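Notes follow once the structure below has been shown.
The values are calculated or read from the model by the stated rules, or taken from the named source; none is laboratory data. On a predicted model such as this, the values are computed, not experimentally measured, just so you know. Ideal geometry is used to build each Cβ from the backbone, glycine not excepted, and the neighbour counts take in all protein chains shown.
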Amino acid sequence: MNREEIIKGLGKIGDFFRARADMAVGDGKMLLLNWMKCAEEAAEAMKSQEARLITYEDFHSRHEDGGEAIPCWKEARSKTRRSGWAVIVYGKMLADLETGVARYWTARPTEEQMREEAWPIMK
């Protein structure tokens, strides 16, 4: 079973508990709504683990002062295409995005994701 199937299944479980809660009262209703919330949160947690590019806007909105560093998967644009786990800070990421020498991911991307995703360059 792949990630998408699991996320879809958790959504169906949440829908099931929501429908049952609509027919229930009292403690039973509260229990069903709690289970619904757990299924929804599990699906959201799985979605957040999916690799995606970190944009300047993502980084800036989370770190207004620019002082905090975040772990990420850094992919360098070079002949060797060196990649690996890194910690980025606001200034370094901004310079890399402006020049297009590297891009940053929330998790380790698949080879397919790296091929399909365009290299972001700020203007």
- Can you pull out the helices (runs of 4 or more DSSP H) entirely within segment 1-62 that have at least 3 residues that are at pLDDT 80 or above, within 26 Å of the chain's Cα centre (by Cα) and within 30 Å of TRP105 (Cβ to Cβ)? 3-23, 26-48
- Item | Selected residue (criterion: farthest from MET46 (Cα to Cα)) from residues of segment 95-113 that are at pLDDT 75 or above and either in contact with a Ser or Thr (Cβ under 6 Å, 6 or more places away or on another chain) or surrounded by fewer than 17 Cβ atoms within 10 Å (Cβ to Cβ) (or both) | VAL101
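Name the residue, out of LYS123, LYS79, LYS92, that is modelled with pLDDT under 80, in a helix (DSSP H, G or I) and basic (Lys, Arg).
Details: LYS123 fails: in a helix (DSSP H, G or I); LYS79 fails: in a helix (DSSP H, G or I).
After applying the criteria, what remains is LYS92.
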